[in-house]
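A.B. asks: Below: one structure in C-alpha cells.
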Amino acid sequence: MNTLLPESFKSILWSYKFEECDPTKMKKTIIVQALLYGNLSQLAWIREFYGDEEIKHVLSIIPATEIRPKTRNLIEILFDFSNWNYAQRSLVQ
C-alpha cells in the first residue's frame, strides 16, 4: 500500500512539514483536516485509504465541536454518521 499523501494535501496540512506527514501515524489529523478543508478529491482519497468505518471511528472519538455545524451535517449525509462525541454538560445523573 502506498503510504505517501497526494501533493494536493499540502494545502490542508499547511501547519505541518508535509514531507514528514505519515498517513498511518497522522490518521486523525489527516481525516479531520480533509473533512474540514478538503475538496472532493481529498475526501475520495481518505475514503479509499482509510475506509468509511475507520473515518466513522475517528469522528466518534473527537469532540463534536471540532467540526463546524454545517460540515457535521454534510458528514452525516456522506458517511451515514450520527455518533458524535458531545461533552457532558452536567455531572448530575
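The values are calculated or read from the model by the stated rules, or taken from the named source; none is laboratory data. Just so you know, these numbers come straight off a predicted model, no measurement behind them. Backbone-built Cβ (ideal geometry, glycine too); neighbour counts: all protein chains shown. When the accessible area is computed, the model is the full protein with side chains, heavy atoms only, and any ligands, DNA or RNA have been set aside. Shrake-Rupley method; radii C 1.70, N 1.55, O 1.52, S 1.80 Å.
A.B. asks: Can you find, within the stretch 28-52, the residue that is least open to solvent (accessible area, probe 1.4 Å) among those that are out of contact with any helix residue (DSSP H, G or I) (no Cβ under 9 Å at 6 or more places or on another chain) and not in a loop (DSSP other than H, G, I, E, B)? Step through it out loud before you land on a result.
C.D. replies: We begin by selecting, within the stretch 28-52, every residue out of contact with any helix residue (DSSP H, G or I) (no Cβ under 9 Å at 6 or more places or on another chain); these are 29, 40, 44, 48, 51.
Now drop any that are not not in a loop (DSSP other than H, G, I, E, B), which leaves 29, 40, 44, 48.
On the way: T29: 36, L40: 142, A44: 55, E48: 162 Å².
Here the residue is T29.
A.B. asks: Then there is this: Looking at (1) surrounded by fewer than 12 Cβ atoms within 10 Å (Cβ to Cβ); (2) of a type outside the set (S, T, Y); (3) closer than 15 Å to L4 by Cβ, which is the only condition R89 fails?
C.D. replies: (3)
A.B. asks: How about the stretch 1-22: which of its residues are outside any loop (DSSP other than H, G, I, E, B), open to solvent by less than 30 Å² (accessible area, probe 1.4 Å) and modelled with pLDDT under 95? Outline the logic, then answer.
C.D. replies: Narrowing the stretch 1-22 to residues outside any loop (DSSP other than H, G, I, E, B): 7-11, 18-20.
This time we only want the ones that are open to solvent by less than 30 Å² (accessible area, probe 1.4 Å), so: 9, 18.
Answer for the stretch 1-22, where residues must be outside any loop (DSSP other than H, G, I, E, B), open to solvent by less than 30 Å² (accessible area, probe 1.4 Å) and modelled with pLDDT under 95: just F18.
A.B. asks: Taking K25 as meeting all but one of (1) within 19 Å of A64 (Cα to Cα); (2) outside any helix (DSSP H, G or I); (3) among the basic types (K, R), write down the number of the exception.
C.D. replies: Only one criterion in (1) within 19 Å of A64 (Cα to Cα); (2) outside any helix (DSSP H, G or I); (3) among the basic types (K, R) is unmet by K25, namely (1).
A.B. asks: Scan the stretch 54-69 residue by residue and report those that are over 16 Å from P23 (Cα atoms) and among the acidic types (D, E).
C.D. replies: E66 - this is the single residue of the stretch 54-69 that is over 16 Å from P23 (Cα atoms) and among the acidic types (D, E).
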